[in-house]
Amino acid sequence: MWRQLHPNIKVRIINSFLTRMVGGAIFPFMAVYFAHYLGAGLAGLLLMALVAVQFVAGLYGGGLADAWGRRRTLLAGEVLKLLAFAALLLGNLWTPLPWVTFAALAVINVANGLINPAAEAMLVDVSTPDTRTFMYVVNYWAVNASLLLGTLLGGWLYQDHFAALLAGLLGMSFVTLFLAWRFMSETLGGLRRTAAQVRESVGVRPLLRSYAQVMTDRPYVLFTLGFVLLMTIEFGRQNFIPVHLAQSFPAQVLWGVNLTGIKVMSLVTAINTLLIVVLTLPVSHWVGKRELRPVMALGFLLFAVGFAALYGSLNLWALVAGSVVLSIGELLYVPARQTLLADLIPEEKRGSYLAVNGQVFTLAKWLATLGVPLGAQIGGPWMGVLIVLFGVLAVVLSLRGLRAASPERTPERSAPTF
């Protein structure tokens, strides 16, 4: 079925894989970088500022993709990202310049805010109901495989070969820009707008009106709120769970290896990533010809139950089992939800709707940070119970949103066999 995919889809998947592979070796360590050169307190403020920059840029990028065109918005972001990567390399080639690094990262986040909504809208534009689920499955596999490779690269090269990693990222940016410019075509239909019409469409007031329309779409809002709860569960992996394991997991020896809470956290994360990479295609084949709504609901519940074990247990084998269960849930819900989301979005507003969907992750990250103080008050087991309740509520809200939509927006759909 790969041959049946539109060239835009193939290029997007390849570009995403290349960018995330090298970026995954660098960006997860930027908190360490800023803490080392500027102190932990200032590092936290800078990282929060970077999240805010991408949030605003993502909303603007979605409106721009609808008004100016998917391809032009994406290419503008790619050029901006290339220039920022060059500045990032120059700012660390001889003497590290942390403020130059911060400025470059801010521009990179602006570029991503332009690229991501445009690319997501383009994928929906050129895919069909028969190819959409397969497209999301392959893209999901590529993302996880690239992050796995990037994590390995970063672990080996970050400390001693940081400049080489940045050079690789710059070189990869040249490649992705060329592929997007050479092989991607415009997918926004309708008459070409003049520059004045584009400026009028992407002003502050038109953008606010566009997003106000999105937020009054009750089916979409309910469906999105369900996903916010689910992502809040997942981002506990970066907040409550490592703190919980680091402070409370009893050190033990397994097969001659001394296991601490931090090592166990790395272990369960590695299990999750490896299972996703190895099982994406077999599980997706098994899901073939099944109706997507119950598949998504089952995936949500398994995902929540698996994470509940990570939140609430200190038993090694319960933690390993939880990682396996949440991985299966993730494999089930990701392509199902993505396909249902594509059906739910109006064609003429895809950029704006997908930009709002992209901000789910930002909102969920903020909510997940509350897990640390809350967990300190109620403890891990009750946090596990709360996570299961979040999963159930995510299912209820998502299905209610689908039921509230008109039948033509949410047709009964099965995942194609491939």
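Restricting the first member to segment 273-288 and to residues that are touching a residue at least 24 places away in the same chain (Cβ under 8 Å) and closer than 25 Å to G24 by Cα, and the second to residues that are among the charged types (D, E, K, R) and open to solvent by less than 90 Å² (accessible area, probe 1.4 Å), the beta-carbon pairs closer than 8 Å and six or more apart or on different chains are I276/E330. Going through segment 264-311 one residue at a time, which ones are open to solvent by less than 10 Å² (accessible area, probe 1.4 Å), within 20 Å of the chain's Cα centre (by Cα) and farther than 13 Å from E330 by Cα? Within segment 264-311, V268 is the sole residue that qualifies. Contact map, segment 392-418: residues that are within 21 Å of V360 (Cα to Cα) and part of a helix (DSSP H, G or I) paired with residues that are small (G, A, S) and modelled with pLDDT of 85 or more, Cβ distance under 6 Å, separation 6+ or inter-chain. Pairs shown: A394/G226; V395/A297; L397/G226; S398/G226. Evaluating V325 against the criteria (1) in contact (Cβ under 8 Å) with a residue 40 or more places away in the chain; (2) surrounded by fewer than 22 Cβ atoms within 10 Å (Cβ to Cβ); (3) in a helix (DSSP H, G or I) leaves one unmet condition, (1).
Yes or no, residue by residue, for (1) surrounded by fewer than 24 Cβ atoms within 10 Å (Cβ to Cβ); (2) out of contact with any Phe, Trp or Tyr (no Cβ under 6 Å at 6 or more places or on another chain); (3) at positive phi:
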| position | (1), (2), (3) |
| --- | --- |
| G62 | no, yes, no |
| A87 | yes, yes, no |
| N92 | yes, yes, no |
| P98 | yes, no, no |
| L114 | no, yes, no |
| D130 | yes, yes, no |
| M135 | no, yes, no |
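The residues of segment 25-57 that are open to solvent by less than 10 Å² (accessible area, probe 1.4 Å) and part of a loop (DSSP other than H, G, I, E, B), listed by number, are A25, I26. Say we look at segment 244-263 and pick out the residues that are in a helix (DSSP H, G or I) and in contact with a helix residue (DSSP H, G or I) (Cβ under 6 Å, 6 or more places away or on another chain); which of these is surrounded by the most Cβ atoms within 10 Å (Cβ to Cβ)? Only one residue tops the list, namely H244. For a quick check of your reading of the model, give me the residue pairs whose first member lies in segment 291-314 and is more than 18 Å from T339 (Cβ to Cβ) and part of a helix (DSSP H, G or I), whose second is open to solvent by less than 20 Å² (accessible area, probe 1.4 Å) and aromatic (F, W, Y), with beta-carbon atoms closer than 6 Å and at least 6 apart or on different chains. Qualifying pairs under 6 Å: none. In segment 217-224, the count of residues that are open to solvent by 50 Å² or more (accessible area, probe 1.4 Å), of a type in the set (V, I, T) and in a helix (DSSP H, G or I) is zero. Test T176 against the stated conditions and say whether it is modelled with pLDDT of 65 or more, open to solvent by 100 Å² or more (accessible area, probe 1.4 Å) and not charged (D, E, K, R). When the stated conditions are applied, T176 does not pass them.
The values are calculated or read from the model by the stated rules, or taken from the named source; none is laboratory data. Please read these numbers as outputs of a predicted model, since none were measured by experiment. Neighbour counts are summed over all protein chains in view; Cβ atoms, including those assigned to glycine, are modelled from backbone coordinates with ideal geometry. Side chains included, ligands, DNA and RNA excluded: accessible areas come from the protein's heavy atoms. Shrake-Rupley method; radii C 1.70, N 1.55, O 1.52, S 1.80 Å.
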